[in-house]
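A short reminder: the numbers here are calculations on the coordinates, not readings from a lab. Because the structure is a prediction, the values reported are computed rather than measured. A quick note on method: Cβ atoms are made from the backbone with ideal geometry, for glycine too, and the neighbour counts reach across all protein chains shown.
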Amino acid sequence: MPVSIQSNTRIGHILTRKPSLAAMTMRLKISIVVPAFNEEKLIERSLQSIRDASSIFSRVGWEHEIIVCDNNSTDRTPELARAKGSLRRLRTHQSDLPGA
């Protein structure tokens, strides 16, 4: 049985009907986070594969972004990811603790 709210018919209407798929997806934003450390050999191909696969998000109206979190790489990983517009720097501190 549908819920009815007498004091505000607009709220009552929202609660008694199912939202459309289009209404639900319009508010959705997908963030694809790619952790990277010295991935110079694979980062460009990996980002292209992710872009190809995530193109479906655009087709259904979902906003999306690809973020590369570079963990202080010493190779060209940051440069290559930046060229693709996906780089965010992640700065970490090395721990002296065993297993950390």
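Taking label points 7 Å from Cα along the Cα-to-Cβ direction, Ser58 and Asp75 give a separation of 2.8 nm. Going from the fewest other Cβ atoms within 10 Å to the most, the residues Arg59, Arg51 appear in the order Arg59, Arg51. Under the convention that each Lys and Arg Cβ holds +1 and each Asp and Glu Cβ holds -1, the size of the dipole of segment 28-89 around its Cα centre is about 120 debye. The Stokes-Einstein estimate for segment 28-89, based on a Kirkwood radius over Cα pairs and taken at 25 °C with 0.890 mPa s viscosity, is a diffusion coefficient of 207 µm²/s.
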